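Taking it in order: structure first as structure tokens, then the write-up.
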Amino acid sequence: MKKLFIGGIILFSCLSAVHGQTFRSASPTLSANAKQICFDGTSYPLLNIASGSGTSSYVGSVINDPTDPIATKGIYFKASNATGFSFASSNTSVVTTSNISMTFVSGDTCLLKIKPTGVGYATITVQATNGSNTSATYTINVAASAASAYGANTIFPTLVADASAVATIDSNYMFIADDETNVIRMFNRKMSGQSLYTLDITSGGGGASGEEFDLEAATVSSSTYNNGRRIYWMGSLGNSKKGASKPYRDRVVTTDMSGTGISTTLTVKSYSANMRSALISWGDANSWGFTASAYAASSGGMIPKRIDGFNIEGLSVTHAGETAYIGFRAPCVPTKGTTPSSDNSNRKYALLAPVTNFETMMNVSGKSSITPTIGEPVLFDFAGLGIRDLLRVGSNKYIIIAGLFEGGGTPAVYLWDGAVPANSGTNPITTATSSLLKLPLDLTDLVQPSADGGVEGHPEAILAEQVDSTLYIHLICDNGTVVYYNDAQAAKDLSLSQPQYSKFRMDNYTYSLPTITTKATLTKLSSVSWTVVNDKLEITGVAKGTVISVFNPKGQSIATQTANNKASVSLPTKGAFIVNLSGSEGSRSFKILNK
């Protein structure tokens, strides 16, 4: 058999001669393989392709996505007795026939690749030919969305649009929850494609059929529980968008991981339905009127996405464990003990509620009857934004996504050093202190038009790792109302009608932490001692000529002076600082806390 390449179409001469007469070969056939291309190193297919001939499949695509399955990996077919292939596109502004290719890879196995160049829908018809004979056709229905501005730094997992909470498995895999179902899904962290594993937690979480938990937050446990392989998932605790009571949203669900990598599975261990009432009582005790914020009725109750509403979106077990921080998207609040004004003008601060018995409360089987114990509030000045997610990372640091209590607005990402000031309910943490830094991440591409006339695509979930002095930050967006295909169709509706077209996005960023270098460990300064009193660092026992340098956690110099046995250094703010001693006896650094 001889291959000929003419005009981008593969042709074959398949003629044979018997006693001087020429006969054409049998009619061609074309069918999609039952086994398709899988995620690297696995047996899990990237796409859901219907096998056989004369049928069709549905595939979502993203223009110029370097991990897009149909453009970079392709779809396997079996083509027997074929002398060529013909392609047709119902919408050449989305896919031109010149961007469709079929290549034989082994025997009669061939690989179809489709590269969309425009936004919208196109039906691709593929047919194998052999002279006057043609095969049954196969169609690929393609939905193509716009490219990411970040190219290789963005992936688009499919089958769900409303990604709202995430928990890491390892460097390759993650679990994702959405706020439209009670299903936890596993996805690859490095490639676009469909989910690899699912678990419906409705029954184990004490739910009811058709009632969503509105899952909005997740956190991995401390190492004390299941060797750090426990995940807590939390509902929004809020009302419906019309203010109606939604009791099944009052959920915290515990799942335990078993297995590793792509073989990781989850089992539900426990759930609690006590968090909403405990937080409402706590907020009332702090003079913030949470009963009114959370008021629900069959109609006419308080909607959750208001500055004075009630809506949870952040959850993180602390570095020390046992306590969990719960972050409020709404309400924003004044300082502790201050009643919110009627015009809401003093609602300036985002709020964390520390639940001090969180992990003990969830370390039961089935329904927990333990009442949450909630400590002193922690307030942040995010310029009127609430908390959309938070994550502990590195050594006692937290990354916080800040976003508007309603849709729209401009999101922001902050790095907090974990230091809680004295009287934290009346002493908000701001970027004017050394504890809080607004990260210079470009989030503009994440915000996209939505079907309801607003904007959507704000980051709602975080994965992050610290490697040496680099933070690797992965932001996940809830794209439920985003219009991907210029058809006024919300992505969340596609999850039901055509899930292969539905998708969310994960964008990957890096941030280099400021570093303070030191020389070898100090061996002759064992007599050095220090105290922090009344905003002053007092150091004694240092050798004459030792240079004392004080830095904030951002690496910015606060003070430098030369000591003679002792020194006194004024500290400009409360919070954590790093002190470096350098002199003839060597160099040493240590951390202090000005309370």
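Here, each number is a calculation from the coordinates, and none is a lab measurement. In this text the structure is predicted, and so the values were computed from the model without any measurement. As a convention, Cβ positions derive from the backbone with ideal geometry for all residues, glycine included, and neighbour counts pool all protein chains shown.
Shown is the FRET efficiency for Leu439 and Thr265, computed with R0 = 45 Å from the Cβ-Cβ distance and rounded to the nearest 0.05: 0.85.
Between Asp493 and Thr356, full extension at 0.36 nm per residue minus the direct alpha carbon distance yields a gain of 45.4 nm. Take every pair of alpha-carbon atoms less than 8 Å apart whose residues are at least six positions apart; their mean separation over the length of the stretch 175-226 yields a relative contact order of 36 percent. Given the -39500 (n - 2.57) contribution per DSSP H run of 4+ residues, what per-residue ellipticity at 222 nm results for the chain, rounded to the nearest 500 deg cm²/dmol? Computed ellipticity for the chain at 222 nm equals -1000 deg cm²/dmol. This model, with +1 at the C-beta of Lys and Arg and -1 at the C-beta of Asp and Glu, gives the stretch 372-525 a dipole about its Cα centre of some 700 debye. Annotation: amide H of Asn346 within the under-5 Å range of Ser341, sequence separation 5 or more or interchain, hydrogens built in the peptide plane. Each of the peptides 445-455, 334-344, 400-410 was scored by the mean count of other Cβ atoms within 10 Å over its residues; in descending order, highest first, they stand as 400-410, 445-455, 334-344. Note on Lys336: lysines with a C-alpha under 16 Å away, same-chain residues under 8 apart excluded, are Lys348. Taking a straight Cα-Cα cut-off under 27 Å and skipping sequence neighbours fewer than 8 places away in the same chain, the lysines within cross-link reach of Lys566 are Lys519, Lys524, Lys536, Lys544, Lys554, Lys574, Lys591, Lys595. Using a cut-off of 25 Å between Cα atoms, the listed pairs Lys397/Lys503; Lys73/Lys190; Lys113/Lys190; Lys242/Lys397; Lys35/Lys113 include Lys397/Lys503; Lys242/Lys397 as exceeding that distance. Rounded to the nearest 20 debye, the dipole magnitude of the stretch 123-194 is 300 debye, with +1 charges on Lys and Arg beta carbons, -1 on Asp and Glu beta carbons, and the Cα centre as origin.
Annotation: peptides 34-40, 387-393, ranked by per-residue average of other Cβ atoms within 10 Å with the highest first, follow the order 387-393, 34-40. Which distance in Å, rounded to a whole number, links the C-alpha centroids of the stretch 68-146 and the stretch 428-497? Distance between centres, Cα-based: 34 Å. In a reduced charge model with +1 at each Lys and Arg Cβ and -1 at each Asp and Glu Cβ, the chain shows a dipole moment near 1120 debye about its Cα centre.
Taking the C-alpha atoms only, the angle from helix 275-285 to the longest principal axis of the chain is near 30 degrees.
Taking every C-alpha pair closer than 8 Å and separated by at least 6 residues, the mean separation divided by the residue count of the chain gives a relative contact order of 10 percent.
From the alpha carbon centroid of the stretch 384-411 to that of the stretch 331-365 is 15 Å.
Look at (1) 29.2, 111; (2) 25.0, 77; (3) 24.5, 83: the one that is Rg and Dmax of the Cα atoms in Å derived from this structure is (1). At full extension, Ser512 and Lys241 could sit 93.6 nm farther apart than now, given 0.36 nm per residue minus the alpha carbon distance. Both radii come from the Cα set of the stretch 275-324: Rg as radius of gyration, Rh as Kirkwood radius; their ratio Rg/Rh reads 1.06. Think of the chain as having a plus end and a minus end, set by charges on the Cβ of Lys, Arg, Asp and Glu; of Gly261, Thr83, Gly210, Gly261 sits farthest toward the positive end of this dipole.
Peptides 107-120, 269-282 ranked from most to least packed by the mean count of surrounding Cβ atoms within 10 Å: 269-282, 107-120. With an a/c value of 1.5 or above and a/b larger than b/c for the gyration tensor axes a ≥ b ≥ c computed over the alpha-carbon atoms, the stretch 263-378 is described as prolate.
Backbone phi angles across the stretch 103-114, fed through the Karplus curve with coefficients 6.51, -1.76 and 1.60 (θ = phi - 60°), yield HN-Hα couplings of 10, 6, 10, 6, x, 9, 8, 10, 10, 9, 10, 10 Hz in residue order; Gly and Pro are listed as x.
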